[in-house]
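Engineer: What follows is a structure written as structure tokens; I'll ask about it next.
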Amino acid sequence: MLELKHIDKYYNPGTINEMCLFRDFNLSIRDGEFVSVVGSNGSGKTSLLNIICGSIDVENGQIIMDGKDITGMKEFSRHQKIGRVFQNPAAGTSPGMTILENLSLADNKGKHYLLSRGVNDKRISYYREELSRLRLGLEDKLDVKVGSLSGGQRQALALLMSTMTPIEFLILDEHTAALDPKTAETIMELTDEIVREKRLTTIMVTHNLRYAVEYGSRLLMMHEGECIIDAAGEEKAALNVDDILGRFNEISIACGN
């Protein structure tokens with residue numbers, strides 16, 4: 001289980017531009033949940049992910065992962081249990097290295113490196129097998145540099161790399177936003193397949209309301225650092241895109257937009 005308890009988060013504290021995003025924010029995510037998170041710009045979606053991953057600190061509160069307080073844990077240490085895929089397809093891969101070298105890096109995450117080759121030839125057949133599941137023909141391009149791949153190919157590779165080692169939590173930060181519609185559909189199908197197979201607790205921030213409704217077991221809508229919709233099970237199944245869009249419109253009117 002992942003728990004955020006009494007979180008306070010300020011930006012630019014002590015300055016004229018000080019802004020409180022989260023005040024006494026609480027959230028619990030059960031093991032195996034696939035949580036879709038929507039909300040307008042500035043609502044706290046990405047900050048929520050950054051707090052969980054340790055990319056930003058909090059002023060007060062606790063982050064509890066599997067019963068352990070990780071609030072003060074460094075970002076790189078948290079990533080022993082967390083995999084993350086970013087909006088930018090270039091963020092999760094090394095463009096100057098080949099597909100094989102990228103997979104080898106991901107495969108060795110958290111392991112100690114000695115003065116030996118970074119690529120284990122005995123794992124190549126495994127890499128080809130994993131790449132074949134992407135259905136993009138990458139299994140025949142192991143020696144191709146990742147920088148020459150399309151955005152969709154790189155994002156699929158980043159998704160695979162983030163889940164190669166045993167992790168418990170998958171963080172998806174608008175991971176289809178930079179892709180064309182057809183490629184985005186492919187990545188979402190792959191995402192759902194991997195999440196189900198590996199039984200990962202998943203948090204997906206997305207601006208695509210249809211994906212938020214169709215995928216996952218729980219839906220959160222953020223606004224000004226608060227969850228104004230928290231629907232799971234039958235309640236989530238009953239939601240449709242118009243319901244979410246209607247709430248967006250209500251907020252827009254209330255804010256004078």
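Engineer: Among LEU105, THR46, ILE70, flag the residue with its Cα farthest along the positive direction of the charge dipole of the chain, charges on Cβ as +1 for Lys/Arg and -1 for Asp/Glu.
Structural biologist: The residue sitting most towards the positive pole is LEU105.
Engineer: Under the 0.36 nm per residue contour assumption, what length would be gained going from the current alpha-carbon distance of VAL144 and ASP121 to full extension?
Structural biologist: Computed gain between VAL144 and ASP121 is 6.6 nm.
Engineer: How many percent of DSSP beta bridges within the chain run antiparallel, rounded to 5? Please report the intermediate quantities before stating the final value.
Structural biologist: Numbers: 21 of 39 bridges.
Taking every DSSP beta bridge with both residues in the chain, the antiparallel ones total about 55 percent.
Engineer: Hey, in the GNM for the chain with a 10 angstrom Cα cutoff, which one of ILE51, ILE16, ILE82 fluctuates hardest?
Structural biologist: Top of the fluctuation ranking is ILE16.
Engineer: Using 0.36 nm per residue of separation minus the Cα-Cα distance, give me the extension gain between ARG133 and ASN88 in nm, one decimal. Intermediate values should be presented prior to the final figure.
Structural biologist: Numbers: separation 45, 0.36 × 45 = 16.20 nm, distance 2.20 nm.
Difference between extended and current length: 14.0 nm.
Engineer: For LYS141, give me every one of the lysines with a C-alpha distance below 21 angstrom, ignoring sequence neighbours fewer than eight places off in its own chain.
Structural biologist: LYS122
Engineer: Pairing the Cα long axis of helix 181-198 with the longest principal axis of the chain, what angle in degrees results, from 0 to 90 and rounded to the nearest 10?
Structural biologist: Here the helix axis deviates by roughly 80 degrees.
Engineer: Right, something else. What does the accessible area of ASP180 come to, in Å² to the nearest 10, when a probe of 1.4 Å is used?
Structural biologist: 80 Å²
Engineer: Ignoring ligands, DNA and RNA, what percent of the accessible area of the chain is carbon or sulfur (1.4 Å)?
Structural biologist: Here it works out to 49 percent.
Engineer: Extending each Cα 7 Å along its Cβ direction at TYR10 and ASP24, get the distance between those two points in nm, one decimal.
Structural biologist: 1.7 nm
Engineer: Under 13 Å from the Cβ of GLU3, count the other residues' Cβ atoms, weight Lys and Arg +1, Asp and Glu -1, and hand me the total.
Structural biologist: On the way: positive: LYS5, ARG30, LYS68; negative: ASP31, GLU33, ASP66, ASP69.
With Lys, Arg at +1 and Asp, Glu at -1, the neighbours total -1.
Engineer: Where does the chain land at 222 nm, in deg cm²/dmol rounded to the nearest 500, when only DSSP H runs of n ≥ 4 count, each adding -39500 (n - 2.57), divided by all residues?
Structural biologist: Numbers: 9 runs with 86 residues, N = 257.
When only DSSP H runs of four or more count, the value is -9500 deg cm²/dmol.
Engineer: In nm, to one decimal, how far is the modelled label at GLU75 from the one at LYS198, with both set 7 Å along Cα→Cβ?
Structural biologist: Result for the modelled spin labels: 2.0 nm.
Engineer: Suppose every Lys and Arg Cβ carries +1 and every Asp and Glu Cβ carries -1, with no other charges. What dipole size does the chain come out with about its Cα centre, to the nearest 20 debye?
Structural biologist: Details: 29 positive and 37 negative charges, 193 e Å.
The calculation lands at about 920 debye.
Engineer: Can you pull the one-decimal nm distance between simple spin-label points at ASP242 and LYS109, each 7 Å off the Cα toward Cβ?
Structural biologist: Between ASP242 and LYS109, the simple spin-label model gives 4.1 nm.
Engineer: Something else: Which residue, LEU131, VAL195, GLY246, has the largest displacement toward the positive end of the dipole of the chain when charges sit on each Cβ (Lys, Arg +1; Asp, Glu -1)?
Structural biologist: Projecting each Cα onto the dipole axis, the largest value belongs to LEU131.
Engineer: Test of understanding: extend the Cα→C-beta vector of ALA232 to 7 Å, then name every residue of the range 189-216 with backbone N under 14 Å from that spot.
Structural biologist: Those under the cut-off are 201-203, 216.
The values are calculated or read from the model by the stated rules, or taken from the named source; none is laboratory data. Keep in mind that this is a model prediction, so the values were computed, not measured. Cβ atoms come from the backbone with ideal geometry, glycine included; neighbour counts cover every protein chain shown. Ligands, DNA and RNA are stripped out before the accessible areas are found, and what is left, the full protein with its side chains, is counted by its heavy atoms. Shrake-Rupley method; radii C 1.70, N 1.55, O 1.52, S 1.80 Å.
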